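Participant: First the structure, then my questions, so here it is.
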Amino acid sequence: MKTFCGRANPTTGSMEWLEEGEDYDYHQEIARSRYADMLHDKDRNVKYYQGIRAAVSRVKQRGEKAIVLDIGTGTGLLSMMAASAGADFCYAIEVFKPMANAAVKIVEKNGFSDKIKVINKHSTEVTVGPDGDMQCRANILVTELFDTELIGEGALPTYEHAHKYLVQEGCEAVPHRATVYVQLVESRRMWCWKKLFPVHVEAEDGKKILIPPSEMENCPGLPSVCDIQLNQMPSSDFSTLSDVVKMFSVDFSKPVQSASTCYRVQLEPVKSGKAQIVLSWWDIDMDPSGIINCSMAPYWVKPTSALQWRDHWMQCVYFLPREEPVVQGEKLYLTACRDEYSVWYTLQKAREGENGADEEEQKAAVCVESPVCRCRAHLLWNRPRFGELNDQSRTRQYIRSLRKVLKTDSVCLCISDGSLLPVLAHYLGAKKVQCVQPSRIDLYHPQELWQAFFKANNLEDKIKIIETRPELLKPSHLEDKKISVLVGEPFFTTSLLPWHNLYFWYARTAVSSHLASNVTVLPQSASLHMMIVEFQDLWRIRSPCGICEGFDVQTMDDMIKDSLNFRESKEAEPHPLWEYPCKSLSEPQEVLTFDFTKTVPEHCLSTEGSVKLLRKGKSHGAVLWMEYHLTADISVSTGLMQLSNEKGNCEWNPHCKQAVYFFSSVIESEILSDPTAVEYVMNFDTKTGEIAMDFKL
Ligand code: SAH
């Protein structure tokens, strides 16, 4: 069987559909999966084991046989825990075939083949009866089907079905219940991910302020969850306006309803401020009494308990439809609405004289419609991109450099997706400003948004959006004028890895015939930088687990390793490193440069060398990022922002993902007197726009 995989081609900026063998998809799935992270999640594993033991013994105490249904068995871990705890039989359901196969092997290797039956089906396809997949209904329901938003992986419909068809009434469930918690906060940093703030430009002829159109101000944004490692958000970046409140609970031992519903709680702000964001996380009680509790609460909620790092469950940031000023002590209602797979929030002020009696009425009045972007900006810009556009110090760098290169007779072309550079260039006095937004042409036509944007700022007819791809640009698009200043951030929405934004270079090459002989290109060049790091935690997601709670899961480790080495080429992967602390073990090193004043060469750009390890630590991998040299003396980094030298603590650009290449073996470097080096080879293939790399430790 063949599958089609969508991938952006970094040399054309557009999506291409490649036919791939069946294996490709599944190797990608395994290689980038969260299985390793889950197996390393000690806190989760220990508590599941405790909860399972307790459930089995409750059933046994009642004199019943313990029959377990484990939905989404993955490696078979939870079923093996149940079998060890004395369960009489386990039905381990797994829909993903490669995982079901792995579970069979792992169960066999651990000696549980007679107690555990692995069934490669979606749970809703499982049959019960003498000829069915299961002989009888189970009396213990074990699952781990949760994502950061709790219900995003379809836990509710799966439970609903299981209670109807697969388990007995009054069954035990591990976990027994889940509770979702919320806290109302004000945070300029996070609010910057949802709306565009006015952009201030100091032009020759005075101060200009670029304002977003009103449609954007009141737009509810996107329904998709924003999940982050909230523990990396310093407390100085937000202010809590309420206590932590229980929003809703789900009891998994009783029939579960997945149909859309709302939950409402009353809040009294502990502080006056601007309500913008609802932070949310959940916990699960593994037993009915709630003694065995596994919590995703962030650092400020449980300051005394040790935090378990995990990437498969983080915390959620929900953006209120609009900012709401709130006063300490006033009565507020926060409503959570959910459908089968997602949750969203609204905030209401309690009306004068309102009491509990018309509670139901109030609840019904709440709009249950899921947020949909009406202004189109949320389709054009994703959350980190909003953050980037709102980053004033970054904008200042672009303004400074534009001011250096623009002249009153400049004919300027901007090639970047959803960029504000054309507006800046206009304010800074360019005679003619035009722009091309390559990826957006394939994905979405943002004309209406730009028109609203230009209208709000009286910029109609000042900036021309050329609706074509750079390769198809004709002299008539440019009114037969040559371009004297070519600018780009560069930023393209289809880019996955940092160097994919080198599409700017390809676009620059494609428009060569339209460039004046003395053209200025901004950025004039880019460079790829690299550093060897020790991660505080991120290493777990790609590191073998071996034995998990006494069970041998090496088969899974091997499987991940095979998938990572599929086609013998390991790849770098994108991660936003502000969420994943690391310390540098080497100096940052420039490894490749790309000269935008020239066209993309025919030949590959290769380099090799070695980088010295300067600090003691475990080298987990190399981090790579791009820096753009806007002019000779102004550069912006999409990676490392600061390095504090004694400890090697790194500060990363908070709006960008960096590339991480995990080493397959980790070396521990010793003291400085005996510096070890890591050798590298890198090859930028100008035909594909990809960078292949290899490291020797
Ligand atoms: N139980 C394992 C793995 C959890 S990951 C552990 O705790 O370590 C969740 C797994 O459930 C994934 O492998 C996914 O493929 C599977 N899954 C999710 N919903 C399912 C369903 N309704 N039926 C069968 N498998 C499901």
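Participant: To make sure I understand the rule: partners must be aspartates and glutamates, Cα under 13 Å from the Cα of K47, and not fewer than 8 residues away in the same chain. Which ones qualify?
Facilitator: By straight Cα distance, K47 reaches E144, D283, D285, D287, E549.
Participant: Okay, moving on. From largest to smallest, what semi-axes in whole angstrom does the range 1-131 give when each is the square root of 5 times an eigenvalue of its alpha carbon gyration tensor?
Facilitator: One finds semi-axes of 37, 17, 12 Å for the range 1-131.
Participant: So which of K583/K612; K254/K302; K271/K349; K195/K455; K42/K65; K570/K696 end up more than 22 Å apart by C-alpha?
Facilitator: K254/K302; K42/K65
Participant: How would you rank 297-309, 508-520, 159-171, 424-436, highest first, on the average number of other Cβ atoms within 10 Å across their residues?
Facilitator: 424-436, 159-171, 508-520, 297-309
Participant: Quick one: helix 155-165 against the long Cα principal axis of the chain, what's the angle to the nearest 10°, folded into 0 to 90?
Facilitator: Value to nearest ten degrees: 30.
Participant: In the range 60-125, which GluC sites (Glu not before Pro) are in a loop and have at most 16 other Cβ atoms within 10 Å, using DSSP for the loop call?
Facilitator: Here the sparse-neighbourhood loop sites are E64.
Participant: About the Cα centre of the range 123-233, how large is the charge dipole given +1 on each Lys and Arg Cβ and -1 on each Asp and Glu Cβ? Please answer in debye to the nearest 20.
Facilitator: 420
Participant: Right, next: If one takes the longest principal axis of the Cα atoms in the chain, at what angle in degrees, from 0 to 90 and to the nearest 10, does the Cα axis of helix 447-456 lie?
Facilitator: 60
Participant: If you take the Cα Rg of the range 102-159 and divide it by 2.2 N^0.38 Å, with N the number of residues, what do you get?
Facilitator: So the Cα radius of gyration is 1.32 times the expected 2.2 N^0.38 Å.
Participant: Among 585-593, 642-650, how do they line up by average Cβ neighbours within 10 Å per residue, starting with the highest?
Facilitator: Result, highest mean first: 585-593, 642-650.
Participant: Rg and Dmax of the range 525-696, using alpha carbons, in Å: what are they?
Facilitator: 17.2, 59
Participant: If the only charges are +1 at each Lys and Arg Cβ and -1 at each Asp and Glu Cβ, what is the size of the charge dipole of the range 34-144 around the Cα centre, to the nearest 20 debye?
Facilitator: 300
Participant: Based only on the alpha carbon positions, what is the Kirkwood hydrodynamic radius of the range 391-520, in angstrom?
Facilitator: Evaluated over the range 391-520, this radius sits at 14.9 Å.
Participant: With only Lys, Arg, Asp and Glu charged, each at its Cβ (+1 for the first two, -1 for the last two), find how big the charge dipole of the range 391-520 is about the Cα centre; round to the nearest 20 debye.
Facilitator: 540
Participant: Follow-up. Order the peptides 202-210, 399-407 from the highest to the lowest mean number of other Cβ atoms within 10 Å of their residues.
Facilitator: 399-407, 202-210
Participant: When we measure straight from the Cα of K404, which lysines land under 25 angstrom away, once same-chain ones fewer than 8 places off are left out?
Facilitator: Excluding near neighbours in sequence, the set is K207, K208, K431, K432, K462, K464, K481, K482, K598.
Participant: Cross-link partners among aspartates and glutamates for K121, C-alpha distance below 14 Å, same-chain residues fewer than 8 apart left out?
Facilitator: Answer for K121, where 14 Å is the Cα cut-off: D70, E94, D133, listed by chain and number.
Participant: Can you say what percent of the DSSP beta bridges in the chain, counting only those with both residues inside, are antiparallel? Round to 5.
Facilitator: 75
Participant: Which one, S517, V142, P384, is farthest towards the positive end of the dipole of the chain when Lys and Arg carry +1 and Asp and Glu -1 on their Cβ?
Facilitator: Final value for the positive-end residue is S517.
Participant: Right, something else. Relative to the compact globular guide of 2.2 N^0.38 Å, what is the alpha carbon radius of gyration of the chain, as a ratio?
Facilitator: Relative to the rule-of-thumb radius for its length, the chain sits at 1.05.
Participant: Work out the charge dipole of the chain with +1 on the Cβ of Lys and Arg and -1 on the Cβ of Asp and Glu about the Cα centre, then indicate which of A259, G86, A677 is farthest towards its positive end.
Facilitator: A677
Participant: Farthest toward the dipole's positive end in the chain, which of Q276, T395, P175, given Cβ charges of +1 (Lys, Arg) and -1 (Asp, Glu) about the Cα centre?
Facilitator: Final value for the positive-end residue is T395.
Participant: If I fit a long axis through the Cα atoms of helix 554-564 and take the longest principal axis of the Cα atoms of the chain, what angle between them do I get, 0 to 90°, rounded to 10?
Facilitator: Here the helix axis deviates by roughly 20 degrees.
No lab work stands behind these numbers, since they all come straight from the coordinates. Predicted, not measured: the structure shown is a model, and the values here were computed from it. Cβ atoms come from the backbone with ideal geometry, glycine included; neighbour counts cover every protein chain shown.
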